[in-house]
Amino acid sequence: MKIGIVCYPTFGGSGVVATELGLALSKRGHEIHFITYSQPVRLDLLGNNVHYHEVNVPEYPLFLYQPYELALSSKLVDMVKLHGIEILHVHYAIPHAYAAYMAKKMLQEEGIYVPIVTTLHGTDITLVGSHPFYKPAVTFSINKSDAVTSVSESLKEDTLRLFDIKNQIDVIPNFIDLSKYKTHFTDCQRELMARESEKIITHISNFRKVKQIPDVVNVFYEIQKQMPAKLMMVGEGPEKAGAEQLCKKLGIADKVVFFGNSNEIDKILCFSDLFLLPSLTESFGLAALEAMASGVPVISSNTGGIPEVNIEGVSGFLSDVNDVEDMAKNAIHILSDNERLKEFKANAKQEAKKFDIHNIVPQYEALYERTLKSCSKFV
Ligand code: GMT
């Protein structure tokens with residue numbers, strides 16, 4: 001199949017999932033066209049089967065807001081015609097599903113029918129999409145998609161609760177390429193980051209408010225009172241500066257490393273003992289799954305789709321949002337006994353296997369085939 005993939009190219013779960021999906025599909029013989037405003041961060045491999053088309057938005061001083069949707073829908077029309085793209089898979093409803101619908105309509109005028117698959121990722125529904133200023137357009141785009149998927153059961157429920165949805169929503173969970181997490185680093189170079197006696201706790205995110213960054217620091221503060229420990233903070237975002245201040249205020253700045261964005265999270269996870277994800281809401285928690293795939297147990301909040309990934313008492317523990325005390329207690333429970341830690345690490349890896357890419361990508365392929373078949377009736 002010739003598949004167009006539209007996504008946000010920056011650090012963030014939806015872009016990562018879209019990129020990994022495209023690469024996996026290309027390995028299975030499909031021709032993949034990424035269409036977005038810059039090359040996706042995890043897309044380091046362009047080749048015969050993998051193409052990247054940049055959406056350019058010409059700056060015009062009259063506009064306070066440059067019209068990205070317009071540029072994207074025009075680019076989609078051009079790319080579908082130029083490359084014979086058969087199906088468009090858009091990740092994140094805003095504004096991708098909306099722009100794709102416009103492209104589909106323009107193409108129809110020329111007798112070309114290209115179906116649209118929309119994957120909902122979370123913030124497009126729970127945080128941004130349900131805002132009254134966006135809601136009618138998001139509802140319309142979801143209802144007009146030829147197929148809709150969500151990355152967890154919880155997100156499907158949220159979507160049905162928050163919007164007037166007439167379309168069917170299929171749950172296709174996020175996935176992980178476990179072969180990438182087979183400890184190919186025989187030496188994690190742990191000694192560069194911490195002493196043998198220190199436990200390494202890691203948090204990876206885009207440091208937005210929803211990630212509850214102060215809770216990450218406060219949980220770590222409690223842990224390091226009980227045992228030697230280091231905290232690895234990976235990512236960039238608006239809450240990062242505040243976290244650095246908080247670490248200074250608590251007198252733990254020397255125990256916390258701020259990495260910024262990294263393309264080497266597998267290396268960081270390789271030497272980590274525990275992962276913290278205390279988010280306010282999380283449709284899935286891809287970062288937690290990546291940690292588990294590296295054999296890192298997860299201390300998380302019990303919200304959104306996280307319980308579908310992190311299994312209580314098995315791969316880690318889940319607490320109420322903001323319950324720093326309980327999260328710290330659970331973290332200390334895992335970390336304070338090396339045998340227990342070993343067991344949780346093995347469990348985390350085992351649980352991650354449920355989301356192996358080889359089980360999930362065929363579900364998308366089958367969905368594309370079904371969608372193409374049912375849409376061909378209308379051509
Ligand atoms: O939450 C983020 O930091 C980014 C956001 C995105 O759109 O990239 O992540 C969402 O999609 C991921 C991939 O499906 C999910 O794993 C995240 O849980 C989800 N974030 C939220 O729901 C807050």
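The values are calculated or read from the model by the stated rules, or taken from the named source; none is laboratory data. Everything quoted here is computed from the prediction, not taken from an experiment. Cβ placement follows ideal geometry from the backbone for every residue including glycine, while neighbour counts extend to all protein chains displayed. SASA here: full protein model, heavy atoms, side chains in, ligands and nucleic acids out. Shrake-Rupley method; radii C 1.70, N 1.55, O 1.52, S 1.80 Å.
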Being in contact (Cβ under 8 Å) with a residue 12 or more places away in the chain and open to solvent by 50 Å² or more (accessible area, probe 1.4 Å) is the requirement here; does Glu264 meet it? no
Going by the structure shown, is Lys349 in contact with a Gly (Cβ under 6 Å, 6 or more places away or on another chain) and either in the same structural domain as Thr281 (by TED's automatic domain parsing) or open to solvent by 20 Å² or more (accessible area, probe 1.4 Å) (or both)? yes
Residues satisfying the stated conditions in region 24-60, i.e. within 16 Å of the ligand (Cβ to nearest atom) and within 23 Å of His358 (Cβ to Cβ): Ala24, Phe34, Pro40, Arg42, Leu43
Return the residue satisfying two criteria in turn: it lies in region 286-299 and is under 16 Å from the mean Cα position of the chain (by Cα) and either among the hydroxyl-bearing types (Ser, Thr, Tyr) or closer than 11 Å to Phe355 by Cβ (or both), and of such residues it is nearest to the ligand (Cβ to nearest atom). Leu286
Note on region 1-23: residues open to solvent by 10 Å² or more (accessible area, probe 1.4 Å) and within 15 Å of the ligand (Cβ to nearest atom) are Tyr8, Thr10, Phe11, Gly12, Gly13, Ser14, Val16, Glu20
Of residues in region 36-68 being touching a helix residue (DSSP H, G or I) at 6+ places or on another chain (Cβ under 6 Å) and of a type in the set (Val, Ile, Thr), the one farthest from Glu236 (Cα to Cα): Val50
Considering residues of region 186-209 that are at pLDDT below 95 and exposed (fewer than 15 other Cβ atoms within 10 Å of the Cβ) only, the residue farthest from Lys345 (Cα to Cα): Leu192
Only one of Ser336, Ser315 that is among the hydroxyl-bearing types (Ser, Thr, Tyr), buried (at least 21 other Cβ atoms within 10 Å of the Cβ) and touching a residue at least 24 places away in the same chain (Cβ under 8 Å): Ser315
Mind listing whichever residues of region 286-310 are of a type outside the set (Val, Ile, Thr), buried (at least 24 other Cβ atoms within 10 Å of the Cβ) and free of Cβ contacts under 8 Å to residues at least 60 places away in the same chain? Ala288, Pro297, Ser300, Asn310
Does Val321 fit the bill of being within 16 Å of the ligand (Cβ to nearest atom), surrounded by fewer than 21 Cβ atoms within 10 Å (Cβ to Cβ) and over 19 Å from Lys342 (Cβ atoms)? yes
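Can you pull out the residues in region 118-133 that are within 7 Å of the ligand (Cβ to nearest atom) and over 15 Å from Thr149 (Cβ atoms)?
We begin by selecting, within region 118-133, every residue within 7 Å of the ligand (Cβ to nearest atom); these are 121-124, 126-127.
Selection gives Thr123, Thr126, Leu127.
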Just a yes or no: is a residue in region 273-281 open to solvent by less than 10 Å² (accessible area, probe 1.4 Å), more than 12 Å from the ligand (Cβ to nearest atom) and without any contact (Cβ under 8 Å) to a residue 40 or more places away in the chain? no
I'm checking my understanding of the structure. Among residues of region 254-267 that are assigned to a helix (DSSP H, G or I) and touching a Phe, Trp or Tyr at 6+ places or on another chain (Cβ under 7 Å), which one is nearest to the ligand (Cβ to nearest atom)? Asp266
Consider only pairs whose beta carbons are under 9 Å apart and that are at least six residues apart or on different chains; among these, list those whose first residue lies in region 227-250 and is open to solvent by 40 Å² or more (accessible area, probe 1.4 Å) and whose second residue is basic (Lys, Arg) and part of a helix (DSSP H, G or I). Pro228/Lys255; Pro238/Lys209; Glu239/Lys209; Glu239/Lys211
Looking at the structure I just gave you, is Glu244 within 16 Å of the ligand (Cβ to nearest atom) and modelled with pLDDT of 95 or more? no
I'm told Glu351 meets every condition in (1) touching a residue at least 40 places away in the same chain (Cβ under 8 Å); (2) away from the ligand (no atom under 16 Å from the Cβ); (3) of a type in the set (Asp, Glu) except one. Can you identify the failing condition by its number? (2)
Can you list the strands (runs of 3 or more DSSP E) found entirely within region 67-177 that contain at least 2 residues being open to solvent by 10 Å² or more (accessible area, probe 1.4 Å)? 169-171
